[in-house]
Amino acid sequence: MVLVKRPRIYTAILRDHFEQRRQMAFVSGPRQVGKTWVAKSVSDAYFNWDNTGDRRQLLRGPAALAELLNLDRLRAQPPIAVLDELHKYRKWKTLLKGFFDTYGDRAHLLVTGSSRMDIYRRGGDSLMGRYLLYRMHPWSVGECIRTDLPASEIYPPQEVKGAEWDALWEHGGFPEPFLRREARFTRRWRSLRQAQLSREDLRDVASVRDLGTMETLMELLAERSAQQLVYSRLAAEIQVSVDTVRRWIDLLTRMHYGFSVRPWFNNVAKALRKEPKWFLRDWSGVAGDGARAENLVACHLLKAVETWTDLGFGHFELRYLRDKQKRDVDFLVVRGRKPWFLLEVKLSEKTLSPSLAYFQAQIKAPHAFQIVVNLPFEPANCFSLHRPVVVPARTLLSQLP
């Protein structure tokens, strides 16, 4: 089966970046999320550190790269060059800084790589002010409907095609399984990706000596996606220290295997403050429809808050709420450090959770939604309401990027 490549929202985002800004663009995201394809679609030249010939050229330094790009030639627009997997080069920051400071007015650089880029960015950042980071995510309901540059945070509701919704549910949002839509391929792809993360990536970027125990931790985290992380319980099960579990989960988060959502406790009486909730990046492998539904929504919300933040709409966070009386709401989106909307996920239950009204009154969030996965699309803007309301998942998720 030949896959037909489809435009993505990140194509529009990167084109706008190079039309409006002089800084380098860094594109970070999970393995196999489509970074290289998108980068090639907007660029004039492509260099991959893993290619021996490209590596030899890049090792010659900024002047050699400028020569390869013919920067002495008159051009209507500066060329865009992609440097892929460059972070594997020990002096990659020095190369970028030298090129940008000398030739930044004559060429644009788009720096991409595997999920490891976020790890290598840590520490003293000599490139501060010279780049903007864009975090790439898998396909979502909103991206199935439109791929233009967002003009604001919330879109008008628009119905997603049934085949697109089914593909997202069954195969996840990573481009290859989502576009191929074959169950056997998706299972093999998921298994291979897990193996590459646990063996190749971990070996390359971190001194994890006991990879077997790390693989066991990854399996436990996959089984417990959409649940609270209890570090002491995980440490006892794999027989390592609590500090080791915390360090390993932090590493897996930075490698985009999954992500954690922390509790919100401002103005919440007797709120839980410690345990985060854990979610896989690939919801298609989550067992149980209820957990998968919550994981799918979590990934959509994470994509939304990071996209809004990266595009300069403000500072956004994804949190959840839970108190010592075991009242909880699955998610809270925070805008500018103020609660914006609460969101409870249900597979088919239509009766409103009383926790929505309870917490909305406490934290003064403008909106409170109970999102139901199995409800049909409704062409109504849920963000026009300020009372707790039941909303079809296909409606609310269509309003996000």
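The values are calculated or read from the model by the stated rules, or taken from the named source; none is laboratory data. None of the values given here were measured: they were computed from a predicted structure. Please note: Cβ atoms are built from the backbone with ideal geometry, for glycine as well, and neighbour counts cover all protein chains shown.
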- Message: Being assigned by TED's automatic domain parsing to the domain that holds residue 189 and either more than 22 Å from residue 149 (Cα to Cα) or touching a Ser or Thr at 6+ places or on another chain (Cβ under 7 Å) (or both) is true for just one of 280, 311. Which residue is that?
- Response: 280
- Task: Consider residue 47 carefully, then state whether it is surrounded by 16 or more Cβ atoms within 10 Å (Cβ to Cβ), over 28 Å from residue 257 (Cβ atoms) and either aliphatic (A, V, I, L, M) or not assigned by TED's automatic domain parsing to the domain that holds residue 200 (or both).
- Result: no
- Task: Among the residues of the range 217-230, count how many are crowded, with 17+ Cβ neighbours inside 10 Å and either touching a helix residue (DSSP H, G or I) at 6+ places or on another chain (Cβ under 9 Å) or assigned to a helix (DSSP H, G or I) (or both).
- Result: 8
- Message: Just to be sure before I move on: is residue 305 of a type in the set (A, V, I, L, M), assigned to a strand (DSSP E or B) and either in contact with a strand residue (DSSP E or B) (Cβ under 7 Å, 6 or more places away or on another chain) or under 27 Å from residue 145 (Cβ atoms) (or both) in the structure I sent?
- Response: no
- Can you spot a residue in the range 168-182 that is assigned to a helix (DSSP H, G or I), over 30 Å from residue 381 (Cβ atoms), charged (D, E, K, R) and touching a residue at least 60 places away in the same chain (Cβ under 8 Å)? yes
- Note on the structure: Of the residues in the range 101-113 that are over 27 Å from the mean Cα position of the chain (by Cα) and not hydroxyl-bearing (Ser, Thr, Tyr), the one that is farthest from residue 56 (Cα to Cα) is 105
- Query: Within the group 193, 181, which residue is out of contact with any strand residue (DSSP E or B) (no Cβ under 7 Å at 6 or more places or on another chain) and surrounded by 17 or more Cβ atoms within 10 Å (Cβ to Cβ)?
  - Reply: 193
- Task: Can you confirm whether the range 58-66 contains a residue that is basic (Lys, Arg) and more than 29 Å from residue 201 (Cα to Cα)?
- Result: no
- Message: Within the range 261-284, does at least one residue satisfy the condition of being hydrophobic (A, V, I, L, M, F, W, C), touching a residue at least 40 places away in the same chain (Cβ under 8 Å), in a strand (DSSP E or B) and surrounded by fewer than 23 Cβ atoms within 10 Å (Cβ to Cβ)?
- Response: yes
- Residues being of a type outside the set (D, E, K, R), assigned to a helix (DSSP H, G or I) and closer than 14 Å to residue 220 by Cβ: count how many of those fall in the range 231-243. 6
- Across the range 309-336, what is the number of residues that are in a loop (DSSP other than H, G, I, E, B) and either among the aromatic types (Phe, Trp, Tyr) or at pLDDT 95 or above (or both)? 6
- How many residues, within the range 160-171, are more than 20 Å from residue 298 (Cα to Cα) and in contact with a Phe, Trp or Tyr (Cβ under 6 Å, 6 or more places away or on another chain)? 0
- Item | Members of the range 294-348 that are aromatic (Phe, Trp, Tyr), over 20 Å from residue 386 (Cβ atoms) and surrounded by 18 or more Cβ atoms within 10 Å (Cβ to Cβ) | 308, 320
